[in-house]
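Engineer: Would you mind keeping the following structure in view while I ask a few things?
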Amino acid sequence: MKLTYRVEEGVRLGSLLWEFGPGWRMISSAMLGGGIGEREWVLNAQVVAGYSRMDPVDHLLSLGPAGPGVGMMTAASVDRYVRAADGGVEAAATVGLRVPTWAAAPEGFRDPELAPMRVGTVNIVAVIPVPMTDAALVNAVMTVTEAKSQALIEAGFPCTGTASDAVCVAVPVEGTPELFGGPRSEWGARVARAVHAVVRQGAEEWRPRDPK
């Protein structure tokens, strides 16, 4: 993982880049490279608060390397990223909780602080060193999300996340694929612990510097 900086709109912004190269499959909810497929890199790009560009995919493409990749955005400071490992699984997260929210809300509910186009504020990347079936990848995303919500609640935030969090899980292509990614499977349990650790730490470190 590489941390770089750029200046946009007079603001110094950071980006985290994972360069995997060929031979990796990823599942992601990101705007760029979302879904399931072979990808070579992951970018978590910091953008200005109140981001309002209407070409986020093109913007991400301009920031990432060549080839197919995954690109996500956040208004959180990416230089405060958190990393953890558990039994071969690696996880990293950028955590910003200015507008925490519960997943289920009344119909028509809209937080007045949300901009028309709000970028993700809790972005998670998990790397698993074994291949997985499509179903196991979906299960792994569920596990990541459940571990994230557990960590946020334990840290004292009454929320399941923010309204536009993003996630990416990366696994190698070659090998016999794992069938399960749930929290009580061998690899899912490791994913859950690693993600829980980074989100819990990120949430606890975020509170004192931005109490809003």
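The values are calculated or read from the model by the stated rules, or taken from the named source; none is laboratory data. Model, not experiment: these values are computed from the prediction. Reconstructed Cβ throughout: ideal geometry from the backbone, glycine too, with neighbour counts over all protein chains shown.
Engineer: Suppose the filter is closer than 24 Å to VAL141 by Cβ, under 16 Å from the mean Cα position of the chain (by Cα) and outside any helix (DSSP H, G or I); does ALA105 pass it?
Structural biologist: Here the answer is no, as ALA105 does not meet what is asked.
Engineer: Got at least one residue in the range 49-57 being within 29 Å of ARG190 (Cβ to Cβ) and crowded, with 18+ Cβ neighbours inside 10 Å?
Structural biologist: Checked against the condition, which is being within 29 Å of ARG190 (Cβ to Cβ) and crowded, with 18+ Cβ neighbours inside 10 Å, the range 49-57 yields no hits at all.
Engineer: Being polar (S, T, N, Q) and modelled with pLDDT of 95 or more: is that true of SER15 here?
Structural biologist: Considered against the rule, which asks whether it is polar (S, T, N, Q) and modelled with pLDDT of 95 or more, SER15 comes out as yes.
Engineer: Still on this structure, please answer the following. In this structure, is ALA136 within 16 Å of the chain's Cα centre (by Cα), surrounded by 14 or more Cβ atoms within 10 Å (Cβ to Cβ) and either closer than 25 Å to GLU186 by Cβ or among the small types (Gly, Ala, Ser) (or both)?
Structural biologist: Taking the combined requirement at face value, the residue does not satisfy it.
Engineer: ALA163 versus (1) over 20 Å from GLU205 (Cα atoms); (2) not in a loop (DSSP other than H, G, I, E, B); (3) not basic (Lys, Arg): which is the lone unmet condition?
Structural biologist: All conditions pass for ALA163, except number (2).
Engineer: Is at least one residue of the range 75-83 modelled with pLDDT under 95, of a type outside the set (Asp, Glu) and in a strand (DSSP E or B)?
Structural biologist: No: the range 75-83 contains no residue that is modelled with pLDDT under 95, of a type outside the set (Asp, Glu) and in a strand (DSSP E or B).
Engineer: GLU174: acidic (Asp, Glu) and not in a loop (DSSP other than H, G, I, E, B), yes or no?
Structural biologist: Spelling it out, it is not the case that GLU174 is acidic (Asp, Glu) and not in a loop (DSSP other than H, G, I, E, B).
Engineer: Go through the range 36-48 and count every residue that is out of contact with any Gly (no Cβ under 6 Å at 6 or more places or on another chain) and either within 17 Å of THR133 (Cα to Cα) or surrounded by 20 or more Cβ atoms within 10 Å (Cβ to Cβ) (or both).
Structural biologist: 7
Engineer: Same structure, new question: Taking into account only those residues within the range 53-74 that are small (Gly, Ala, Ser) and free of Cβ contacts under 8 Å to residues at least 24 places away in the same chain, which is nearest to GLY161 (Cα to Cα)?
Structural biologist: SER62
Engineer: Of all residues in the range 165-196, count the ones that are more than 18 Å from MET26 (Cβ to Cβ) and buried (at least 22 other Cβ atoms within 10 Å of the Cβ).
Structural biologist: 2
Engineer: While we're on this one: Inside the range 1-35, can you point out the residues that are among the aliphatic types (A, V, I, L, M) and closer than 17 Å to PRO129 by Cα?
Structural biologist: MET1, MET26, ILE27
Engineer: Also: Can you tell me which residue within the range 86-122, out of those that are among the acidic types (Asp, Glu) and surrounded by fewer than 12 Cβ atoms within 10 Å (Cβ to Cβ), is modelled with the highest pLDDT?
Structural biologist: GLU107
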